[in-house]
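So the structure is just underneath, and the comments pick up after that.
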Amino acid sequence: MSRVGYIKKEERKNILLLCDDIRMHSGIATMAKEFVVGSADRYNWYNLGAGINHPENGKVLDLSIDVNKQIGIYDASVFVQPNNGYGDPQTIRGLLARNNFDAIFIFTDPRYWEWLFEIEREIRSKIPIIWLNIWDEYPAPMYNRNFYNSVDCLMGISKQTVNINKLVLGEDAKNKVIDYVPHGINSDIFFPITSSHYLNEQLQEFKSNTIPIKDPEFIVYFNSRNIHRKHPGDTILAFKLFCDKIGKEKASKTALVMHTQPVDGHGTDLRAVKEALCPDLNVYFSSSKITPQQMNMMYNLADVTVLLSSNEGWGLSITESLMAGTMIIPNSTGGMQDQCRFENDKGEWIDFDADFPSNHRGTYKKCGAWARPIFPTNISLQGSPKTPYIFDDRCSPEDAADALLEVYELGSDERTKRGMKGREWVTSQEAEMSAELMVEKISKNIDKTIDTFKPRPYYEVVKVDNLPTKQVPHKLTGY
């Protein structure tokens, strides 16, 4: 085998992956497919593929032949068992009884895994549980401590998540494999299409079919769900305020393209927002499913990608945008901070601890040339019975409009130059945001977890003298 790290099928570790069906198009499914396909020469994967009312529920599908073609081997073993939801104890017990799995790998929010954590002793008496995890914001969720303690490996997709894992676990953190594993984008799918690129003619045709106005001079792109925390309405309002600043004539040559469902019960009616706020402006909606190749075209026709989420664990669209060589305007929250590459006073990429848990207060402003970040103007404490507290980082549409104006005034050549710097950085060893580096880090952590795993006793008797504190172990203000 020519692939570095190739292991024969019969010698590979067998991993049970619990997450979205990797054939779907959610952010979870997209990233899961990337690391499953990318490591199919080292592991045999079995995906219990979640979906809502999954039309193929109960089937077992063999994707091995397709994966062989993609990565150039002959003996991949990749199966998907579509399922309504993420699973239940009975399903997992059945899978473990029928298969010789070496580890369970879970990927998505903890609230989906409470049933799994309830039987973790039963599972971890034999094999480890690995969790590619995420948490959107502080205060550190002390209510997640038992969840974090129910696994053997915590891979945090943002620097903030890694810090949260350590703060919540306290002394127990030393008993876990904890590592930073940011989302990695496939640089062969998302890439810049320059004027000399062989796809440029197709890009220009795609652009003319997507943007009704002739020869647009500035295109703003939004690619995310129409849900409240993504603030798509604020995005339209920011675009309207930006257009007011540049005047009608220049505004007639600009456009906002929103790849989302225009109407969603978890969000709003964006067509009504557009009609009420800016009926004469060029705001276009793209709601049909498109291929990854077409998505790359979208990023390439745009001058900047905007994401104003007030809670955002990562923000996959802005990583894809950077990989395609297009500038970004993110709100400074969650994992989107990582992608700005904020620098401290020593010129180092910032990291977080108990005294400096986040940069959402704008402690550091200097960042990569590819980003024009916005900082929240209101940080409010939200919550629910299951997640009693979490900050909501709201930025203002006025600040977003100012950011759009700054990027607009850079001019096309400077925007292109800065976008290319963004691609150079996300593919670097420092950023580790390419698919190849993500696969390498996940593989390293899977191997380390399996190699160092010590089976837990099926049960143990514990005398509880002092319950661990639930007080948040970090600063809340003043950083």
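Readers should treat all values here as calculations from the given coordinates under stated rules, not as data from a laboratory. Predicted model, so just to flag it, every value in this text is computed and none were measured. Please note: Cβ atoms are built from the backbone with ideal geometry, for glycine as well, and neighbour counts cover all protein chains shown.
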(message) Give me the percent relative contact order of region 109-238, please, defined on Cα pairs under 8 angstrom at least 6 residues apart.
(response) 17
(message) Rounded to the nearest 5, what % of DSSP beta bridges with both residues in the chain are antiparallel?
(response) 15
(request) Mind sorting His183, His231 by how few other Cβ atoms lie within 10 Å of their own Cβ, fewest first? (result) His231, His183
(request) For each of Asp234, Asp353, Asp215, count neighbouring Cβ atoms within 10 Å of the residue's Cβ, then give the residues from fewest to most. (result) Asp215, Asp353, Asp234
(request) Under 1.5 on a/c is rounded, so check that first for region 416-479, then, if it is not, pick prolate when a/b is larger than b/c and oblate when it is not; a ≥ b ≥ c are the square roots of the alpha carbon gyration tensor eigenvalues. (result) oblate
(request) Show that you can apply the helix-only estimate: for the chain, add -39,500 (n - 2.57) for every DSSP H stretch of four or more residues, divide by all residues, and state [θ] at 222 nm to the nearest 500. (result) -10000 deg cm²/dmol
(request) Specify the inter-centroid distance of region 179-227 and region 98-166, based on alpha-carbon positions, in whole Å. (result) 35
(request) Take the alpha carbon gyration tensor of region 173-238, find the square roots of its eigenvalues, order them as a ≥ b ≥ c, and report rounded if a/c is under 1.5; if not, report prolate when a/b exceeds b/c, else oblate. (result) oblate
(message) Given an 8 Å cut-off on Cα distances and at least 6 residues of separation, report the relative contact order of region 200-426 as a percent.
(response) 21
(message) Is the C-alpha gyration tensor of region 159-278 telling us rounded, prolate or oblate? Criteria: a/c under 1.5 is rounded; beyond that, a/b larger than b/c is prolate, otherwise oblate.
(response) oblate
(message) With angles folded into 0 to 90 degrees, how steeply does helix 27-38 sit against the dominant principal axis of the chain? Use alpha carbons for both and round to 10.
(response) 60
(message) Looking only at region 327-479, where both bridge partners belong to it, what percent of the DSSP beta bridges are antiparallel (to the nearest 5)?
(response) 75
(message) Within 13 Å, Cβ to Cβ, of Arg225, how many net charges do the neighbouring residues add up to if Lys/Arg are +1 and Asp/Glu are -1?
(response) 0
(request) Using per-residue counts of other Cβ atoms within 10 Å, averaged over each peptide, order 443-453, 342-352, 252-262 from highest down. (result) 252-262, 443-453, 342-352
(request) Would you mind checking the tilt of helix 292-301 against the longest principal axis of the Cα atoms of the chain, expressed as 0 to 90 degrees and rounded to 10? (result) 30
(message) Quick check on region 200-426: of the DSSP beta bridges with both residues there, what percent are antiparallel, nearest 5%?
(response) 30
(message) Per-residue counts of other Cβ atoms within 10 Å, averaged by peptide: what ranking do you get for 306-314, 455-463, 3-11, highest first?
(response) 306-314, 3-11, 455-463
(request) Would you mind counting up the charge near Asp172? Only other residues with Cβ under 11 Å from its Cβ, with Lys and Arg at +1 and Asp and Glu at -1. (result) +3
(request) Give me the net charge of Ser310's neighbourhood, meaning all other residues with Cβ under 15 Å from the Cβ of Ser310; Lys, Arg count +1, Asp, Glu -1. (result) -2
(message) How tilted is helix 232-246 with respect to the longest principal axis of the chain? Cα atoms for both, answer in degrees (0 to 90, nearest 10).
(response) 30
(request) Report the full-extension gain for the segment Lys253 to Asp172: residue separation times 0.36 nm, less the Cα-Cα distance, to one decimal in nm. (result) 23.5 nm
(message) Nothing charged except the Cβ atoms of Lys and Arg (+1) and of Asp and Glu (-1): what's the magnitude of the dipole of the chain about its Cα centre? Round to the nearest 20 debye.
(response) 580
(message) Between region 48-83 and region 445-466, how far is it from one alpha carbon centroid to the other, in angstrom?
(response) 31
